[in-house]
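Below is one structure, written out as structure tokens, with a few remarks after it.
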Amino acid sequence: MEKQRDKDQINEPFDAYGSYSYADYLSWQLDEMVELIRGKVFRQAAAAPGRVHQEVVMILANRFYEFLKGKSCKVYPAPFDVRLPVSSRRHEDIDTVVQPDLCVVCDQGKLDDLGCVGAPDLIVEILSPGNNKKELQLKYEVYEASGVKEYWIIHPDERTLLIYTLENEKYRPSRLFTLGDRVSSQALLGFELDLEGVFGELS
């Protein structure tokens, strides 16, 4: 019996069991956004992100931008390619290319005209219906292995935030934060976020 295909994996013209590189990714001309995770192709949600998702992106991007003014770190919203090389920065050798909802990069040497090559200091993913498995499992694994110092997962419908902090090459989870909590970042020292000011602004 044929193995069931992951519903997140893109259909034709890609082989669900094939393996692809960033060089392949650059050659594609697609109408939809896709990501590569360990050589496998995953499509973004078929529909555009929901209104609340986009409101959270805009609020957080603004908070980070204001805090980072005059600093070497910069915040980038999706679509923004983050390449996570394992052993080589050559396009043909990179098999993971993701587009986090938000990422903060402090090492300017990781930035080029195509985006970021190497682990950002902080990544924020905002969950949407249909992509929770990818965010919670696959991206968690590659972000941890790649050395992303801090990984935030926001559930906009439940108004919650979970922060994974890298310690000794493994992620340590925070408690689940929600309305009324004020959180700080270990990757961006001095940055604090009042969740009432994020979730409370959602319409």
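Laboratory data are not the source of any read-out in this text; all were calculated from the coordinates shown. Being a predicted model, the structure only gives us computed values, none of them experimental. With ideal geometry, Cβ positions are generated from the backbone for all residues, glycine too; neighbour counts draw on all protein chains shown.
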Q. Say a site is exposed when it is one of the GluC sites (Glu not before Pro), sits in a DSSP loop, and has at most 16 other Cβ atoms within 10 Å; what is then the longest site-free stretch of the chain?
A. 33-157
Q.
Below 8 Å, C-alpha to C-alpha, sequence gap of six or more: please give me the relative contact order for region 18-57 in percent.
A. 34
Q: Would you tally the net charge around residue 66, using a Cβ to Cβ cut-off of less than 14 Å, leaving residue 66 out, and scoring K and R as +1, D and E as -1?
A: +2
Q: Pairs of lysines 8 or more apart, or on different chains, with alpha carbons under 20 Å: count those in region 51-199, would you?
A: 13
Q: May I ask for the distance between the Cα centers of region 143-203 and region 40-96, given as a whole number of Å?
A: 16
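In square nanometres and to one decimal, what's the mean projected area of the convex hull around the Cα atoms of the chain?
Working: hull surface 49.8 nm².
For the chain, the mean projected area of the Cα convex hull comes to 12.5 nm².
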Q) So which chymotrypsin sites (Phe, Trp or Tyr not before Pro) in region 8-113 pass both tests, a DSSP loop state and at most 13 other Cβ atoms within 10 Å of the Cβ? A) 17, 28
Q: Enter the angle in degrees (range 0 to 90, nearest 10) between the Cα long axis of helix 51-68 and the first principal axis of the Cα atoms of the chain, meaning the one along which they spread out most.
A: 70
Q) Straight-line reach from residue 40: which aspartates and glutamates have Cα under 12 Å away, leaving out those fewer than 8 places along the same chain? A) 6, 8, 15, 24, 95
Q.
Using only DSSP helix segments of four residues or longer, with each worth -39500 (n - 2.57), what per-residue ellipticity at 222 nm results for the chain after dividing by its residue count and rounding to 500?
A. -5000 deg cm²/dmol
(Q) Can you tell me, using C-alpha contacts under 8 Å and at least 6 residues apart, the relative contact order of the chain as a whole percent? (A) 16
